[in-house]
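Only one structure is covered here, and it is reproduced in the block below.
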Amino acid sequence: MIPPGPRDLVAGDWEPVTTRAEPVLEDPATGAPVRPVAVSRPDRVERALAAASGGWEHTTAAERADVLDAVADALPPAAREIAALESFATGVPIRQTIPLGEIVVGAFRLAAQQLREGRLAERPGGGVEVRRLPWGPALCLTPWNASAPMAAHKTASALAAGCPVVLKPSEYAPYGTQLLAETIDAVLARHGAPRATFQLLHGDARTGATLAADARIRAVSFTGGAAGGAAVAAACAAGLKPAQLELGGNNPLVVLPDADVGLAARTAVDLLTTLNGQWCRALGRLVVPAGLHDELLAAVEARLARMCAGPPLEEETELGPLVHSRHRARVAGRRDRLLEQASGGRPVLATEVPDKGNYLAPALLVGVPPERAVEEIFGPVATVHPYGSIDEAVALANGTRHGLEGYVTGTDEDAALAVARRIRAGEVKVNGSSMMSLHLLAPRPAWGCSGLGEEGTVETLRFFTGAQVVGVENGFALHSREPA
C-alpha cells in the first residue's frame, strides 16, 4: 500500500508538506521505511493561527447541524479507505479499524443531533437563559492508535460548539486523518463556511507545543501520552484556557472467584491484544484469585496459541505489528525490565508472530511485584497478580496513579458490580471487553494521572463552550435607595 503524500490545509489552501523530521515512518508489517515525519512549515503554522478566528462562531446551531449532517453523509464512501490507511499506519488489524471507523461517521451525526436537541441552551426557570457559547479557535491533538476516529470525535464536537478547528494528528499516523480532513473541507466549502473554519497541520510534539501555547488558540483537546499531556496542561494553564486531557491508563481486570475461567481468559486476551495492546484502555494488570491462577493462565495461553498474527490488511489477521520499531523496542524494553524484577516469574508467551516487521508476541508476566507494575506499557504486555481476598483484589486494582478503566468478571453480576464500584477508575465494566463505552451518552472520565476532565458524546461538545447566563433580575442592591 502506498499512502498519500502529506498535505496541510491552511485557510482553505491545500499544500504539499515538504519539511521532514525524524523518525522515518515505517510499514509496520515489514519494517520498511516509508518517509520521514511531515512537518508543516512555520509560516504555514503562523498563517493558520492568524486565520483561525474567521466567523464560524457566528453561525446558528441549526446551520452548523446541517453542515455536520452533510459531512456525515459524505464520509461513508471514504470510510473503508480511511480504515485501511489506519491499519497500514498503526499495524492494527483491519477487522478492528473498520468497526472503529463507524465512529468517524457517527461523530458528526451525533454532534448534529445534539444541536437539534438544544444541548447548547437551557432554561432553568424564571426567564433565565443559560447559553453555551464557543470559546474560540480550538486545537485538537489526536493519538496515533485511532487517529481518524479521535479526530472525527474532537472535530465534530468543536465545530458543533461553534469553534473553528485546527487539527494536528500524530506524526506516526497522519494518512487516514488527512483523507478525513479532505472530506470535511469539501463539505464546508460547498456550504460556504469561512475558509479557516477547519484547518489541518502536520508535525511532531514541537508543532503541537507551538500551537497549544499560542494565545490565539482558546481551548485544547488532547489525547496521548503523559509527557505530552503535561506539556499541554502547562501551556493551557499559562494561557488560562481550558484543556481536555486523556492520557492513558494501567487498567486492572479483576477476576472473581466464581468467574467462568473460559470467559475470563477470553476477556483477558481481548484486553491484552485489541489494537495490538496499543490502546489506553488495554489490560495492564490481571488480578486473579490464587486458587484460579494456574487454570486461568493455562486457558489464556491456549487462546494466545490460537491467535492469528500477520499483516494488518489481511482479513484473517487478529494480531498485527506495533506501530514503529522504536515503539516495539520501548515496549520490549519495559517487558524485559519487569521480568528482571520478577520473583521466580515467567512470561506467558504462546502466539507465533512473523520474524520480519514490528511484531511482538503478547505476554502476561508472572511474579512481578505489584509495586513495580504501576505504569502504562502501551503494548501487548501485562502483569499477573494473585490475591486471597476481595479486599486484597480491590487494593491491587487501585494500586496505581492511573484511573481510566477497570474490568471485573464474575458469574454473580450483583457481586461483580459491588466490586466494580470500589475500583477507582472513570469507567468500570463488568463482564465485557469491547472498545466501546458502556453507553453512548455516558461520560468517559479520566481519574488521577489518566487525564483531566471528561470526554464523551455530550461532554466533549460542552468542553468547547463556556456558559453565559442571561436574564432580567428586577432587583436592586440592599444599600441602594431611591431619592425622596
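For the subset of segment 153-205 comprising residues that are touching a residue at least 60 places away in the same chain (Cβ under 8 Å) and out of contact with any helix residue (DSSP H, G or I) (no Cβ under 9 Å at 6 or more places or on another chain), which member is nearest to S87 (Cα to Cα)? Only one residue tops the list, namely D204. Of L100, L68, L85, all but one fail to be modelled with pLDDT under 95 and either assigned to a helix (DSSP H, G or I) or surrounded by fewer than 20 Cβ atoms within 10 Å (Cβ to Cβ) (or both); the exception is L100. Filtered by the rule that a residue be within 18 Å of A48 (Cα to Cα) and either among the basic types (K, R) or surrounded by fewer than 24 Cβ atoms within 10 Å (Cβ to Cβ) (or both), segment 111-153 gives W135, G136.
The residue that is nearest to K241 (Cα to Cα), among those in segment 446-479 that are aliphatic (A, V, I, L, M) and part of a helix (DSSP H, G or I), is L461.
Given the options L240, L200, L188, name the one that is in contact with a Pro (Cβ under 9 Å, 6 or more places away or on another chain), among the hydrophobic types (A, V, I, L, M, F, W, C) and surrounded by fewer than 23 Cβ atoms within 10 Å (Cβ to Cβ).
The conditions single out L188.
Among the residues of segment 51-65, those that are touching a Gly at 6+ places or on another chain (Cβ under 9 Å), of a type in the set (G, A, S) and outside any helix (DSSP H, G or I) comprise A52, S53. Applying the criterion of being free of Cβ contacts under 8 Å to residues at least 24 places away in the same chain and more than 19 Å from R444 (Cα to Cα) to the residues of segment 399-431, the residue that is surrounded by the most Cβ atoms within 10 Å (Cβ to Cβ) is A418. Give the residues of segment 361-382 that are without any contact (Cβ under 8 Å) to a residue 60 or more places away in the chain and either hydrophobic (A, V, I, L, M, F, W, C) or in contact with a Ser or Thr (Cβ under 6 Å, 6 or more places away or on another chain) (or both), sorted by residue number. Hits for segment 361-382 are A361, A363, L365, G367, V368.
Tell me yes or no: at least one residue of segment 470-480 is surrounded by 17 or more Cβ atoms within 10 Å (Cβ to Cβ) and either modelled with pLDDT of 95 or more or within 24 Å of Q96 (Cβ to Cβ) (or both).
No: segment 470-480 contains no residue that is surrounded by 17 or more Cβ atoms within 10 Å (Cβ to Cβ) and either modelled with pLDDT of 95 or more or within 24 Å of Q96 (Cβ to Cβ) (or both).
Among what's in segment 314-353 and is in contact (Cβ under 8 Å) with a residue 60 or more places away in the chain and in contact with an Asp or Glu (Cβ under 7 Å, 6 or more places away or on another chain), pick the residue that is surrounded by the most Cβ atoms within 10 Å (Cβ to Cβ). Per the stated criteria, the residue is H324.
A single entry from R123, R132 fulfils the requirement of being more than 16 Å from the chain's Cα centre (by Cα) and more than 28 Å from A212 (Cβ to Cβ): R123. Could we say that T351 is of a type in the set (S, T, N, Q) and not in a loop (DSSP other than H, G, I, E, B) here? Criteria not met by T351.
Of the residues L275, L319, L292, L313, the single one that is farther than 11 Å from G91 by Cβ and of a type in the set (A, V, I, L, M) is L292.
Right, R372: over 24 Å from P445 (Cβ atoms), exposed (fewer than 15 other Cβ atoms within 10 Å of the Cβ) and within 29 Å of the chain's Cα centre (by Cα) or not? So R372 fits the description; yes. Given the condition within 17 Å of the chain's Cα centre (by Cα) and either among the small types (G, A, S) or closer than 27 Å to R281 by Cα (or both), answer yes or no: does some residue in segment 161-168 qualify? Yes - at least one qualifying residue is present in segment 161-168.
For segment 383-393, taking the residues that are touching a residue at least 60 places away in the same chain (Cβ under 8 Å) and outside any helix (DSSP H, G or I), the one that is surrounded by the fewest Cβ atoms within 10 Å (Cβ to Cβ) is identified as G388.
Restricting the first member to segment 269-282 and to residues that are within 14 Å of L253 (Cα to Cα), and the second to residues that are assigned to a helix (DSSP H, G or I) and of a type outside the set (D, E), the beta-carbon pairs closer than 7 Å and six or more apart or on different chains are V269/V300; V269/R303; V269/L304; A282/L271; A282/L272; A282/T274. The listed residues are A29, A48, A21, and the only one of them that is assigned to a loop (DSSP other than H, G, I, E, B), farther than 24 Å from L115 by Cβ, in contact (Cβ under 8 Å) with a residue 24 or more places away in the chain and of a type in the set (G, A, S) turns out to be A29. From the list L286, L396, L304, the lone residue that is buried (at least 18 other Cβ atoms within 10 Å of the Cβ), assigned to a helix (DSSP H, G or I) and touching a His at 6+ places or on another chain (Cβ under 8 Å) is L396. Among the residues in segment 107-114, are any under 24 Å from A62 (Cα atoms) and among the polar types (S, T, N, Q)? Yes, some residue in segment 107-114 is under 24 Å from A62 (Cα atoms) and among the polar types (S, T, N, Q).
The values are calculated or read from the model by the stated rules, or taken from the named source; none is laboratory data. Model, not experiment: these values are computed from the prediction. Note that each Cβ is placed from the backbone with ideal geometry, even for glycine, and that neighbours are counted across all protein chains shown.
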